[in-house]
Every structure is written in structure tokens, then in C-alpha cells.
Amino acid sequence: MIQRRQLALAAALVFTGLAAHAQGTIKIGEVNSYKAQPAFLEPYKKGMELAVEEINAAGGVNGKKLELITRDDNASPGDAVRAAEELISREKIDVLAGAFLSNTGLALTDFAKQKKFFYLAGEPLTDKIIWGSGNKYTFRLRPGTYMQAAMLVPEAVKLKKKRWAVVYPNYEYGQSAVAAFKELLKAAQPDVEFVAEQAPPLGKIDAGAVAQALADAKPDAIFSSLFGADLAKFVREGQQRGLFKGVEVFNLLAGEPEYLDPLKDEAPVGWYVTGYPWYDIKTPEHKKFLDAYQAKYKDYPRLGSVVGYSTVMSAVAAIKKAGSLDQDKLIAAMAGLPVSTPFGTATFRALDHQSTMGAYVGRIGLKDGKGVMTDWRFVDGKDALPSDDEIKKMRPTN
């Protein structure tokens, strides 16, 4: 009998301890394509974990420890929604974050609307997330396809090239990127014409055929939103076929270390890109982040590292401001919220829930057998957005 009472008491103590732990924890649930897109998402996860470590070492959030719970979405919108549902119902998360691919990000955007649950999209770049399909519950951190295209178009206009070709992965992000670039370039240079278009499936590019088709069109310039393995294959096949000789090339993401570093000495010198020249940024915010990241991981950060870190810090800033985990209070706190990131302060606009996080724009160079960004400049996100009136026309009133 005594032994039974002791066991019951021990079980009660364990239960009480678990309950106290749960009450003292704030949970961020994160859904992403970790297996499908490791080049970006492994550094991204490290960035998130660094942020969590820093927050907890400083005493947590409103007196509670921060906990990160991740799920893989298998690069599937359906799986992303199922994972989000499980995080909310079983893990009892307080904030939903994540998505790398734009189609999974849109699925989570709709899920957040249906569930009336706060969703912070760190990475997906389609502008439907904050404009066409935007809703009360969804906020986006990184500059989207319109903003990044707007950062590149002024350089394109200076070249006064008339015959353009485009190549992009045929899914939501690629389609959105090309649409934005075409719209902005035509507005700035009405006589431009697009003479060729290639849209291979994501991850399944026949790079030789694509490069040859573009070469046959004899463009003056090319706009590309390829990334990852597709980009590497395109670069190699294009170089072998002389596609880039005498042709100006713009690529939306090719300056990111995730995609530039694997090319090594094959890096396409002269391309105009957005990216992350981590080795040259001297601001205090970035130095602090860089030192902490290198101390923890003995490695240099990628752009994913910055996005992951900033996603967690954005959620934390909202929770602190709200002083609560109530969903409506979190959403109210996010509107107009300034957040410190390694790229400086970004503000989540009340108008469309897009942050003003900026990006680095420059050209690809070669140094010590490795691709680098040269002649780069930082563009503040607030300077690359459409007018408020245009956004009001695009964004639903909900």
C-alpha cells in the first residue's frame, strides 16, 4: 500500500512539473520544406535556434521560455496544412510560422484565415500572400517578388536593352517574379519586348534545351528567377553554349550564398542579382549577428540564417508588445511593429502586413575561385513598394 501511494505521489509530481513547464513556455510552431530545400532551410533553422537561445538566455518572453517546434511539409501544400493543424491542436502552439515555397505559403495563408490564427510567413516570396490573398492573420517578413524586381529594374532600364527573354520555375514564385519584372520594366521602358519565355518545372529543368531555346531567340538581356540546382544547371549549360556572351543577365536570387557558393569558379561574372554579401557588411546590427552565429556554428551565415533569426525575433517582438498570447492582440501588436534585424530595423506595415525589410543588390564577381557580390548597395524595403492606393486596390478588405 505504501509503495502504491509513493508511485501515485511520484506520478502526480511529474504531472504537476509538466503542467508547470507547459504554462511557462511560449511555443512557435514552424512548418517548412526542410528535406526538399536544405540549402536554404538548414541555415534558416540554425538562425531560428540562435534567436531562441538568445531570447531564453536573456530571460525569455514576458517571463516565459521560448520553444521552437518544427515540422516538414514535404514541399506539399496539403502536408503543410496538415502539419499546421497538428501543431495547433496537439502541440498547442501560440504562433505559426514558416513556408519556403510560395505555394505552401499560400496554403498556410488560407489556413490562418480559416482558423483565425496568427501566421508569420518568413520566406515565401509570392505577393499574393500579402496582397491578392492577404488577410488579417498573415504577415510576411522578407521582401517579395515585386519588391525585389523593383530593386533590379532601375539597373535594367539604364542598359536600354529592348529584346528580353525570361526563364523561371513554373510555379507560384517563378510566375509572380516574372509578372512583376515585366510590369515594372514595361512601365519604365515602354518599347521593351519579350522575345522568349522558358518555364521549366521546379527541380526538373532540362537546362541544355532551355539554354538553347533562349540562345535561338537572340535576346539582348535575360531575366531569370531560377534558384538552387536549377540555377546551377542553367549557368553551366548557358556558359557551354555561349548564351551569356554579350547578353546582360538579371537573376532574382543568384547572389544568395546558398546558390552562389556551390557554383565556385563557375559563378556567372557580371550578372545583376539580389543577395547577401555577409563578408562585407559592416553595420553594428549585422556584426553582432555575424559574431554570434559564427561563435555558435563555426560557419558563416547564409541568407536563410538571417531570415530564420529575424522571423523568431519578429514573433517575440509581437508577443512582448501584446503582453498576451491572445490571437487578436498579437495581430494588433504586429500592425506597424518595428523589429530589429541583422539588416536594420524593419516595420510590419499596418496597410498590407508586409515588412519593410530590405535587400542587397549588386553584381556577381569572382574572388579566390568563388563567387561574390560586387558593387552592391542596400535597398530599404519601403522604397521598393507600390503606392498605398495601388495596394488598396489589390488587397481584399478582409
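The values are calculated or read from the model by the stated rules, or taken from the named source; none is laboratory data. Fair warning: this is a prediction, and the values are worked out from it, not measured in the lab. Virtual Cβ from ideal backbone geometry, glycine too; neighbours counted across all protein chains shown. Calculation scope for accessible area: heavy atoms of the full protein, side chains included, ligands and nucleic acids excluded. Shrake-Rupley method; radii C 1.70, N 1.55, O 1.52, S 1.80 Å.
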For this session: Could you tell me what percent of the DSSP beta bridges with both partners in the chain are antiparallel, to the nearest 5?
Result: 35 percent
Exercise. What order do 261, 220, 388 take when sorted by accessible area (1.4 Å probe), most exposed first?
Worked result: 388, 220, 261
Problem set entry | Heavy-atom accessible surface of region 303-369: percent carbon and sulfur, 1.4 Å | 50 percent
Exercise. Between region 358-397 and region 98-137, what is the C-alpha centre distance in whole Å?
Worked result: 21 Å
Exercise. In percent, how large is the relative contact order of the chain, given Cα pairs closer than 8 Å and 6 or more residues apart?
Worked result: 18 percent
Seminar exercise, completed: Going through 245/298; 282/392; 92/136; 204/392 one by one, the pairs whose alpha carbons sit over 30 Å apart turn out to be 245/298; 282/392; 204/392
Exercise. How do 282, 45, 367 stack up against each other in accessible area, from largest to smallest, with a 1.4 angstrom probe?
Worked result: 282, 367, 45
Exercise. Are there GluC sites (Glu not before Pro) in region 51-114 that DSSP marks as loop and that have at most 14 other Cβ atoms within 10 Å, and which are they?
Worked result: 91
Exercise. Just the accessible area per residue of the chain, please: how many Å² with a 1.4 Å probe?
Worked result: 42 Å²
Exercise. For region 95-138, rounded, prolate or oblate, judged on the Cα gyration tensor with a ≥ b ≥ c (square roots of eigenvalues), a/c < 1.5 rounded, else prolate if a/b > b/c?
Worked result: oblate
Seminar exercise, completed: Ignoring ligands and nucleic acids, residue 377 exposes an accessible area, probe 1.4 Å, in Å² to the nearest 10, of 90 Å²
Problem set entry | Length-normalised contact order of region 310-398 in % [C-alpha pairs under 8 Å, at least 6 apart] | 17 percent
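What order do 70, 345 take when sorted by accessible area (1.4 Å probe), most exposed first?
345, 70
Leaving ligands, DNA and RNA out of it, report the carbon-plus-sulfur percent of the accessible area of region 43-190 at a 1.4 Å probe.
49 percent
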Exercise. Which value in deg cm²/dmol, rounded to the nearest 500, describes the helix-derived mean residue ellipticity at 222 nm for the chain, given -39,500 (n - 2.57) per DSSP H run of n ≥ 4 and division by the residue count?
Worked result: -14500 deg cm²/dmol
Seminar exercise, completed: In terms of the alpha carbon gyration tensor, root eigenvalues a ≥ b ≥ c, rounded if a/c is under 1.5 and otherwise prolate when a/b exceeds b/c or oblate, region 310-398 is oblate
Exercise. Taking the C-alpha atoms of region 88-170, how large are the radius of gyration and the largest Cα-Cα span, Dmax, in Å?
Worked result: 16.3, 56
